Protein chains: 2
Amino acid sequence: MPNKKNEDLPGKTVERLSQYRRLLFNSLQEGKTNIYSHELARLMNLTPVQVRRDLMLIGYSGSQSKGYIIKDLVNLIGKIIDSDTGQRIAIVGMGNLGRAITSYFLGKREKLSIVAAFDNDPQKTDRIIAGVPCHHINKLKEIVPAESISIAVLTVAPEATYEVAKQLLEAGIKGILNYTSVPLTVPEGVHLEEYDIITSLEKLAFHVK
Amino acid sequence: MPNKKNEDLPGKTVERLSQYRRLLFNSLQEGKTNIYSHELARLMNLTPVQVRRDLMLIGYSGSQSKGYIIKDLVNLIGKIIDSDTGQRIAIVGMGNLGRAITSYFLGKREKLSIVAAFDNDPQKTDRIIAGVPCHHINKLKEIVPAESISIAVLTVAPEATYEVAKQLLEAGIKGILNYTSVPLTVPEGVHLEEYDIITSLEKLAFHVK
DNA sequence: TTATTATTGTGAAAAAAATTACAACTTACA
DNA sequence: TGTAAGTTGTAATTTTTTTCACAATAATAA
């Protein structure tokens with residue numbers, strides 16, 4: 001039994017692990033093999049202690065002389081945040097944002113794949129967009145289970161949000177990443193992550209003021 | 001001197017104020033005039049106490065019988081998070097994401113306006129896209145000061161991020177909202193907000209796992 | 001009038017996250 | 001050999017954020 005530890009990793013640490021991995025991957029490709037906590041911290045805009053603490057929490061040990069072995073660290077992070085079997089994702093709403101996410105994401109992660117898109121515009125449905133088959137939204141309940149999709153990225157218009165979310169839940173979705181400006185509520189056992197661009201802009205504007 | 005208070009509002013509270021306002025605005029349009037903390041909490045997926053505490057922090061008082069007066073609250077939040085003069089924003093990188101943000105945002109906020117876009121693709125420059133004039137990126141240093149742009153939304157390709165950020169800083173930008181996957185460092189006095197879609201997806205995937 | 005219920009406001013406690021401080025180790029080199 | 005410099009690992013502290021607990025108040029109904 002490796003670690004029950006994973007489930008009680010601080011949420012912030014999980015976020016950072018994902019970012020560490022991307023940066024470490026870049027470093028690998030630049031030919032680096034080892035990295036010190038202060039180097040990684042600099043890339044991430046963090047303090048070295050925070051890096052060390054995060055790595056401590058996942059049980060990774062470096063050496064005083066060489067720091068951390070990038071390859072090992074990348075693998076370990078993968079063991080922690082990736083699922084063994086891989087997870088399948090649907091983009092719901094193929095507007096600008098849906099397409100942006102799809103094309104940005106495509107092929108970037110081995111264990112996460114966008115396998116379907118949905119839209120209500122007949123112009124967009126029943127063809128392949130940005131490399132992903134786009135279905136009419138009324139096929140949601142059929143395709144989500146058939147394709148073993150566990151995660152949905154919601155990028156529909158605000159007024160459609162509620163109804164589409166309802167269908168996703170009925171289709172047995174396990175996680176929703178909600179980019180609409182309409183806050184959702186989901187039942188126990190379903191995970192929800194919300195992000196609103198205007199909120200971020202207003203927060204930034206407040207601090208700039 | 002109204003309140004130095006504003007500057008030391010907790011960051012999380014500022015984020016929530018922006019969201020409160022949007023939801024309150026919806027309620028107003030539905031004809032509601034008053035709202036209780038538990039109602040607002042429900043809309044936001046928060047506890048009533050947290051709502052009350054946030055409002056306490058901005059110095060707004062409700063009544064035990066009627067709760068909060070929506071109109072007054074909307075105005076007060078505006079006084080706190082909006083700048084008096086308004087703030088001008090540029091979208092840098094007019095790909096799918098840049099266009100998504102632009103069209104999503106257009107006209108939504110009185111005190112925040114997207115006044116320019118930049119791209120390096122001649123197909124896109126020197127014309128109006130999603131209602132905003134799109135310039136070639138090499139005019140950045142000229143147009144940012146000329147248009148009094150204080151905030152930039154970065155949606156360029158990863159490999160261009162560093163160079164474009166440098167130019168923005170040289171042009172005197174005050175805040176950057178970075179949607180590329182490349183973490184930036186900015187000098188003292190410039191505000192930076194970073195968001196990465198893949199990180200969010202991976203975090204969600206981790207919890208769904 | 002007097003309970004009863006529902007609400008706000010807020011001090012105090014708890015929980016989560018970040019930072020400080022420092023012991024322990026490794027290497028380089030005088 | 002011994003010491004100086006640079007590193008990791010982690011306990012302890014501090015800071016930030018959330019939650020708990022409850023007093024105060026208003027409206028309602030018995």
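The values are calculated or read from the model by the stated rules, or taken from the named source; none is laboratory data. If you're wondering where the values come from, they're calculated on a predicted model, not measured in any experiment. Cβ placement follows ideal geometry from the backbone for every residue including glycine, while neighbour counts extend to all protein chains displayed. Accessible surface areas use protein heavy atoms only, side chains included; no ligands, DNA or RNA. Shrake-Rupley method; radii C 1.70, N 1.55, O 1.52, S 1.80 Å.
Structure data summary
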{"item": "Count - residues of segment B:84-100 that are at the interface with chain A (Cβ under 10 Å from one of its Cβ atoms) and open to solvent by less than 10 Å² (accessible area, probe 1.4 Å)", "result": "2"}
{"item": "Residue within segment B:114-134 that is farther than 30 Å from B:Arg52 by Cβ, under 20 Å from the mean Cα position of the chain (by Cα), of a type in the set (Asp, Glu) and not in a strand (DSSP E or B) present", "result": "no"}
{"item": "The lone exception for A:Asn75 - which of (1) buried (at least 16 other Cβ atoms within 10 Å of the Cβ); (2) assigned to a helix (DSSP H, G or I) it fails", "result": "(1)"}
{"item": "Matching residues, segment B:138-155, being open to solvent by 30 Å² or more (accessible area, probe 1.4 Å) and on the phi < 0 side of the Ramachandran plot", "result": "B:Asn138, B:Lys139, B:Lys141, B:Glu142, B:Pro145, B:Ala146, B:Glu147"}
{"item": "Scan of segment B:37-65 for residues that are of a type in the set (D, E, K, R) and open to solvent by less than 50 Å² (accessible area, probe 1.4 Å), ordered by number", "result": "B:Asp54"}
{"item": "Odd one out for A:Tyr68 among (1) open to solvent by 50 Å² or more (accessible area, probe 1.4 Å); (2) more than 13 Å from every other protein chain (Cβ to nearest Cβ)", "result": "(1)"}
{"item": "Sole exception among (1) assigned to a helix (DSSP H, G or I); (2) more than 16 Å from DNA strand D (Cβ to nearest atom) for B:Met94, by number", "result": "(1)"}
{"item": "Residue count, segment A:111-134 (criterion: at pLDDT below 95 and of a type in the set (Lys, Arg))", "result": "1"}
